[in-house]
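Heads up: the structure comes next, in structure tokens.
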């Protein structure tokens, strides 16, 4: 049975897409079967996985409108070692079209159920806003991975996200929980980041992942080559941290 996780944070620019593609590549490296679902109309996770969003025959848009199945629309990224259910600009129109359809917030969940036996992990890259697309992701998922920069405004955004997850848990998806907070773009030389990290651990305890992703130039360069950092430069500190994080995820799932 596949474990389905949303990578979500209502604050933009916190590294959600970087986290999604590098965790997918890290999980593939440690022997897991992975599907990465891009729910952001910008299609950055698709392009960052070595798939050209402009030439895809089918995308997550077709899956949400039930004109294609996940098995038909997902493509293997051979360089990265995982399958991609990609997104492009068509997805922006899905927001409007979904509003009038039945089971509009459960369409992705229904589609993923058909490929449940084919994958160990499904990772969903959500847009930064709380939209019908994000809601589809949250209704499908067993849990949420929250990438966080250790800065003051990030703590404020986290409060909003926790409230959203509680509402979805209460009304739409009883399985949904926060799996963990991942500290990203971390620079131990900055005192404030160290203080915010300590506050997170004091407040959330074991919900904070042990792995910390350092601020790393190679991770930032990788998307311009259409690859996750883990594939682009496996020896970089950031890439090695994501492989460690992937192993931590596998271990955490075993104990859930």
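Odds and ends about this structure:
- Cα centroid separation, region 70-139 to region 1-38 (Å): 13 Å
- GNM on the chain, alpha-carbon springs under 10 angstrom: the most fluctuating residue among 55, 18, 110 is 55.
- For the chain, modelled as a GNM whose springs connect Cα atoms under 10 angstrom apart, the maximal fluctuation among 219, 200, 181 occurs at 200.
- Sorted by Cβ neighbour density within 10 Å, fewest at the top, the residues 218, 254: 254, 218
- Spin-label pair residue 65/residue 237, simplified geometry with 7 Å Cα→Cβ offset, distance in nm: 4.7 nm
- Under 13 Å from the residue 160 label point (7 Å along Cα→beta-carbon), backbone N, region 1-15: 9-14
- Springs between Cα atoms under 10 Å define the GNM used for the chain, and in it the highest mean-square fluctuation of 96, 122, 30 occurs at 96.
- Degrees between helix 90-99 axis and first principal axis of the chain (Cα, 0 to 90, nearest 10): 70 degrees
- Cβ-based exposure ranking for 209, 204, 153, 5, in which fewest neighbours within 10 Å come first: 153, 204, 209, 5
- In degrees, nearest ten, helix 237-255 long axis to first principal axis of the chain (Cα): 70 degrees
- Helix content alone sets the calculated 222 nm mean residue ellipticity of the chain: runs of n ≥ 4 DSSP H residues at -39500 (n - 2.57) each, divided across all residues, give -13000 deg cm²/dmol.
- Between helix 16-29 and the chain: long-axis angle, C-alpha atoms, 0 to 90°, nearest 10: 90 degrees
- Computed on region 3-255, with alpha-carbon pairs under 8 angstrom and 6+ residues apart, the relative contact order is 26 percent.
- Length gained on full extension, residue 72 to residue 256, computed as 0.36 nm times the residue gap minus the Cα-Cα distance: 63.1 nm.
- Alpha-carbon centroids, region 218-242 and region 168-208: separation in whole Å: 23 Å
- Answer label for semi-axes √(5λ) of the Cα gyration tensor in Å (calculated), chosen among (1) 23, 22, 20; (2) 63, 22, 14; (3) 27, 21, 17: (3)
- Residue order, fewest to most surrounding Cβ atoms within 10 angstrom, among 69, 49: 69, 49
Each reported figure results from applying straightforward, stated rules to the coordinates on display, with no laboratory input. Please read these numbers as outputs of a predicted model, since none were measured by experiment. Glycine also receives a Cβ, built like all others from the backbone with ideal geometry; neighbour counts cover every protein chain displayed.
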